[in-house]
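Peer 1: Structure incoming, see below.
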């Protein structure tokens, strides 16, 4: 398996190279040169596997430069009931007829990002050990990616983490999870701006080939293909739990800001998983909903990016969206480079012509948006009708799922985080404070270590240089 850039770079690296690299040299994102096809016989064989066994089977289709025995060991060490709370790892719970929440947030940081990040930490440490190298991980977070990355990388040999987050825009719990870490290899930078400013800094630094090479810069954001690949696994696992045989189809409702989580569903569908529809749910920052309704992709500036009660989705420039558009346009790298490298960069967006927009239907995407009032009502409904507590982002997904679901359709809503991370919104929705465990209460009181910095890529470069 070789990998190609969405913008046409001529090199064809293997998995281990792109694992440590992040963005391609031309600023594009890596994708496999083809999607392996999974037939009915293979699906039937996979149906009875444990989550770790299933992950090994899927990852081996895309990774051929790590010995299978080593890869299987890394996967087994990652996906354990002790780490994720149940033998199923990603169990389903019903919220009425044909609607399920797929629990993805029982890992160390109580968010779905752990599903990929815990594996990524082991993959990084393994590959760096093979090469005798070190890596400085540069990332941006709107809430959960940062803590998941830091908990996965803390104390690992040969790795430092420099994580950018929008100053004051995460929930108190999210801030406490990240900023309370005292490990010497963890560096938190609170950027005076919004998530998109953080993401732009990461991309600008990643595009500086000399600095990236000299400082051994890598990424853990979902621009890193390895992370997205790990997320493909739970689509298969959810499908097998929700169905009795491979003749059935299901749909997935996915809260989406950066398009990484739902892009993994797109990959699973392209591989042959029987997914009927991918229901994309946004909050008030509805760039992606606007695109799937109109064909217009219009990036908002910092001043237009709203601060909402589902803060991990307060994103107006979805970096993974380029991967889907590349596939949707027949993998035309020159066209993709023009749309994202020129039109988005210079004009803030693009519009697909009618014939191309009509062609998107074959990929099964539909979309909807949710507001603060919708979130509160959905959280309240889930509790009153099903005694199920859900976080605000999952509420966005559930609201859109209930709105778009057709009679007889089975829909799996992908859980984003546990409610404890957003206690203020749960309090508002339910009219009472959310009970907090002693462990979580203690977390909020821990001393914090972070650096506030202007939204300036050069300033971040100087900080990295001073600490490497």
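Peer 1: For region 266-327, with equal point scatterers placed on the C-alpha atoms only and solvent neglected, what are the log10 I(q)/I(0) values from the Debye formula at q = 0.12, 0.18, 0.25 1/Å, to two decimals?
Peer 2: -0.35, -0.74, -1.15
Peer 1: Follow-up question, since we're still on this one. Rounded to the nearest 0.05, what FRET efficiency do residue 204 and residue 462 give with R0 = 22 Å and r taken as the Cβ-Cβ distance? Could you check?
Peer 2: 0.95
Peer 1: Could you put 235, 3 in order, starting from the residue whose Cβ has the fewest other Cβ atoms within 10 Å?
Peer 2: Fewest to most other Cβ atoms nearby, the residues stand as 3, 235.
Peer 1: Then there is this: May I ask you to list the residues of region 449-465 whose amide nitrogen lies under 11 Å from a point 7 Å from Cα along the Cα→beta-carbon direction of residue 192?
Peer 2: Output list for this probe position: 452-456.
Peer 1: So, one more: What FRET efficiency comes out for the pair residue 42/residue 389, r = Cβ-Cβ distance, R0 = 35 Å, nearest 0.05?
Peer 2: 0.45
Peer 1: Just to check, using Stokes-Einstein with a Kirkwood Rh over alpha carbon pairs, what's the diffusion coefficient of the chain at 25 °C and 0.890 mPa s in µm²/s?
Peer 2: On the way: Rh = 22.2 Å.
Rounded to a whole number, D works out at 111 µm²/s.
Peer 1: Which three extents, in angstrom, do the Cα atoms of region 279-403 have along their principal axes, listed largest first?
Peer 2: Sorted from largest, the Cα extents of region 279-403 read 51, 34, 19 Å.
Peer 1: Indicate, rounded to the nearest 5 percent, the antiparallel portion of the DSSP beta bridges found entirely in the chain.
Peer 2: If we restrict to bridges inside the chain, about 20 percent are antiparallel.
Peer 1: With a/c under 1.5 counting as rounded, go ahead and sort region 95-179 into rounded, prolate or oblate using the C-alpha gyration tensor (a ≥ b ≥ c being the square roots of the eigenvalues; past the cut-off, prolate if a/b is larger than b/c, else oblate).
Peer 2: Judged from the Cα gyration tensor, region 95-179 comes out oblate (a/c at least 1.5, b/c at or above a/b).
Peer 1: Right, something else. Taking other Cβ within 10 Å of each residue's Cβ, how do 252, 450 sort, fewest first?
Peer 2: 450, 252
Peer 1: Which order do 153, 453, 163 fall in if you start with the one that has the fewest other Cβ atoms within 10 Å?
Peer 2: Arranged by neighbour count, lowest to highest, 153, 453, 163 become 453, 153, 163.
Peer 1: I'd like to know how region 3-150 sits against the 2.2 N^0.38 Å rule of thumb: what's its Cα Rg over that expected value?
Peer 2: Here the Cα radius of gyration is 1.16 times the empirical estimate.
Peer 1: Let me have the relative contact order for region 315-458, percent, based on Cα pairs under 8 Å that are six or more residues apart.
Peer 2: About 15 percent, as a whole number.
Peer 1: I've got another one for you. Taking the square root of 5 times each eigenvalue of the Cα gyration tensor, what semi-axes in Å does the equivalent ellipsoid of region 313-364 have, largest first?
Peer 2: With the √(5λ) rule applied to region 313-364, the semi-axes are 18, 14, 11 Å.
Peer 1: As a check on your grasp of the helix formula, calculate [θ] at 222 nm for the chain: sum -39500 (n - 2.57) over DSSP H runs of n ≥ 4, divide by the residue count, round to the nearest 500.
Peer 2: Values: 21 runs with 206 residues, N = 468.
Only helices count here, giving -13000 deg cm²/dmol.
Peer 1: Which shape class, rounded, prolate or oblate, goes with region 213-306 when its Cα gyration tensor gives a ≥ b ≥ c as root eigenvalues, a/c under 1.5 marks rounded, and past that a/b bigger than b/c marks prolate?
Peer 2: Cα axes put region 213-306 in the oblate bin.
Since every read-out is calculated from the coordinates, none of them should be taken as a lab result. Note that the coordinates shown come from a computational prediction; the quantities given were computed from them, not determined experimentally. Here the Cβ is made from the backbone with ideal geometry for all residues, glycine too, and neighbour counts use every protein chain on show.
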